[in-house]
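Laboratory data are not the source of any read-out in this text; all were calculated from the coordinates shown. Bear in mind that the values here come from a model prediction, so they are computed numbers and not experimental data. So basically every Cβ, Gly included, is an ideal-geometry build from the backbone, and we count neighbours across all protein chains shown.
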Amino acid sequence: MISSRFWGETETSCSTAAYWGYLHCDPTASHYLKVLLDAIFGPENFRNEIMWHYGGRGAKAVASQFPRNHDVLLLYSKADGEQVHNRQYLTRRYTPDEARARGLRQDPDGRWFKTAPRGDYTDDSVSRLEKEGRIHRTRTGSVRVKYFLGGSAGSVEEAVLVGDTWNDIPDAMHLGHELLGYPTQKPLALLERVLAASSNPGDVVLDPFCGCGTALVAAQKLDRRWIGIDVTYLSIAVMRARLKDSFALVDVPVVGQPTEVEGARAMLVGTGLEGQYQFQWWALDLIGAQPQGGAQKKGADRGIDGVISFSTGPRGEMGRALVSVKSGSVNSSQIRDLKGVLDREKAEIGLFVTLEEPSGPMQLEATTAGVYTSALSGRDYPRIQILTIRELLEGNIRPNLPVLVLPAFQQAERVAKKAAEQGELFG
Ligand SMILES: C[S@@+](CC[C@H](N)C(=O)[O-])C[C@H]1O[C@@H](n2cnc3c(N)ncnc32)[C@H](O)[C@@H]1O
């Protein structure tokens, strides 16, 4: 299965001068996809097959085989001029005893160094390095070049070049603080390495299968511009919440969403149950609600499609607005059902979001539910609120809720970086 593909390009006078592309998948299909990519990009543009060993806990123990614990990233690149490849290093730390055991040495000034053969260095270069104190002669007289290491008195630091086997990045499942509940979420460190190695600040990164937006967060953090594409509205909702929580980026432009009722209706034509889920996620995103059961679970849960949380008291007490989304015909009994759900769940407010216009009796039924009075502000809020897609799209109406509203999704960590200037990517 293709997990995701990342694509970057640098531009000169609007003509593409260079690109690099990563495709990430697991070993069940990586060999087929390599053949496919060779056909598309040319075998001469293949650069690396990277083994991402994501750690033991992600491995499934199956009696008849070795546990699977790696994925594959295929890297292709092409450039008219110089290829972008920024070497990546890991820092390894040793005690002095460990350093000596690894063959590292100390010069008379106490500086730790390692040596490597002189390789292609000319005699002139060796003389220059000798003057800089960077030549080590072995007992047999052969010349080796010294590379000084960092660290302090008690610890020695060695910068190790990252090769094509990555085993220092655990699966996202291990990163509790990063997890957003989006299935197939990838660790930020993985995407950061990809972008740091193959692009420079200002380059454009395109992730055409961006899920909950890990590549976009990495790009924003590293000052790249970005475009993300995903086919599900759940992904768009999670991604928008993530960019807001991580960088205070609000109003990220989303292209291709319905902007009028007919567009919303078109989501349902010939798409069956899947279309109804997409409509539901889109409608929930429209009012900033969290899908019931988090990002993973499809479908209504006992009459509840989504939820918005808000403060009800001075000591962090929380209340809930339960959301019911309807894409088909609507009637008064559905309003009565929502009232029943509020009573059963002991929830404060019910939001009834509908594509079709509500009837007079439905409006009347809603008013009989009365009001919720906020203990914080003393204000009254209609206990059942009917919101039509038309009014929401026209911007005439929003859910009428107490002001302090919690984030819709598992909140993404704030990323320490100013929001970069994204510029105009679409003409
Ligand atoms: C493996 S996930 C990507 C995960 C992502 N790297 C992250 O960290 O969240 C693949 C994504 O591709 C999306 N997808 C599947 N088919 C698609 C299509 N034809 N066009 C755009 N997106 C698609 C899915 O909705 C899913 O979110």
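For L387, what residues show an amide H to amide H distance below 5 Å, using hydrogens built from the backbone and excluding near sequence neighbours?
Those lying under 5 Å, H to H, from L387 are F352, V353, T354.
Can you work out the Karplus-derived ³J(HN,Hα) for every residue in segment 90-97? Use 6.51 cos²θ - 1.76 cosθ + 1.60 with θ = phi - 60°, whole Hz, and x for glycine or proline.
10, 9, 9, 10, 10, 6, x, 5
Return the Rg/Rh ratio of the chain with Cα-based radii and a Kirkwood Rh. Working shown, then result.
Values: Rg = 28.4 Å, Rh = 25.8 Å.
So for the chain, dividing Rg by the Kirkwood Rh gives 1.10.
Using Cα atoms only, what is the angle between the long axis of helix 30-41 and the major principal axis of the chain, expressed in degrees (0 to 90) to the nearest 10?
For 30-41 against the chain, the angle is about 80 degrees.
Rounded to whole Hz and in sequence order, give me ³J(HN,Hα) for segment 329-340 from the Karplus expression 6.51 cos²θ - 1.76 cosθ + 1.60, θ = phi - 60°, writing x for Gly and Pro.
5, 10, 8, 5, 5, 5, 5, 4, 4, 5, 4, x
Going 7 Å from the Cα of T28 toward and past its Cβ, which residues in segment 155-192 have a backbone nitrogen under 18 Å from where you end up?
Of the residues in segment 155-192, 183-186 have backbone N under 18 Å from the label point off T28.
Just to confirm the number: angle between the C-alpha axis of helix 233-247 and the first principal axis of the chain, 0 to 90 degrees, nearest 10?
Helix 233-247 sits roughly 60 degrees off the main axis of the chain.
Sequence neighbours fewer than 8 away in the same chain don't count; with that in mind, list the aspartates and glutamates whose C-alpha is under 14 Å from K34.
List returned: D26, E44, E49, D71.
If the elastic network links every pair of Cα atoms under 10 Å, which of L249, L364, L401 fluctuates the most in the Gaussian network model of the chain?
L364
Mind checking which of P201, P108, P382 has the largest fluctuation in a GNM of the chain, springs on alpha carbons under 10 Å?
The residue with the greatest mean-square fluctuation here is P108.
Report P(r) for segment 223-290: all Cα-Cα distances, bin width 10 Å, range 0 to the bin holding the largest distance, values in whole percent.
P(r) over segment 223-290, rounded to whole percents: 18, 52, 24, 6, 0.
Based on alpha-carbon centroids, what's the gap between segment 221-291 and segment 29-81 in Å, whole number please?
When both Cα centres are located, 30 Å separates them.
Within the chain, which is the longest segment containing none of the chymotrypsin sites (Phe, Trp or Tyr not before Pro) that sit in a DSSP loop and have at most 16 other Cβ atoms within 10 Å?
Values: sites that count: Y121, F426.
Within the chain, the longest run free of exposed chymotrypsin sites (Phe, Trp or Tyr not before Pro) spans 122-425.
Give the relative contact order (percent, whole number) for the chain; include only Cα pairs under 8 Å separated by 6+ residues. Each step should come with its number before you reach the end.
On the way: 751 pairs, mean separation 53.3, N = 427.
After rounding, I find 12 percent.
Take segment 206-327, drop everything but the C-alpha atoms, weight them equally and run the Debye formula without solvent; then report log10 I(q)/I(0) at 0.15 Å⁻¹ to two decimals.
Log10 of I(q)/I(0), two decimals: -0.76.
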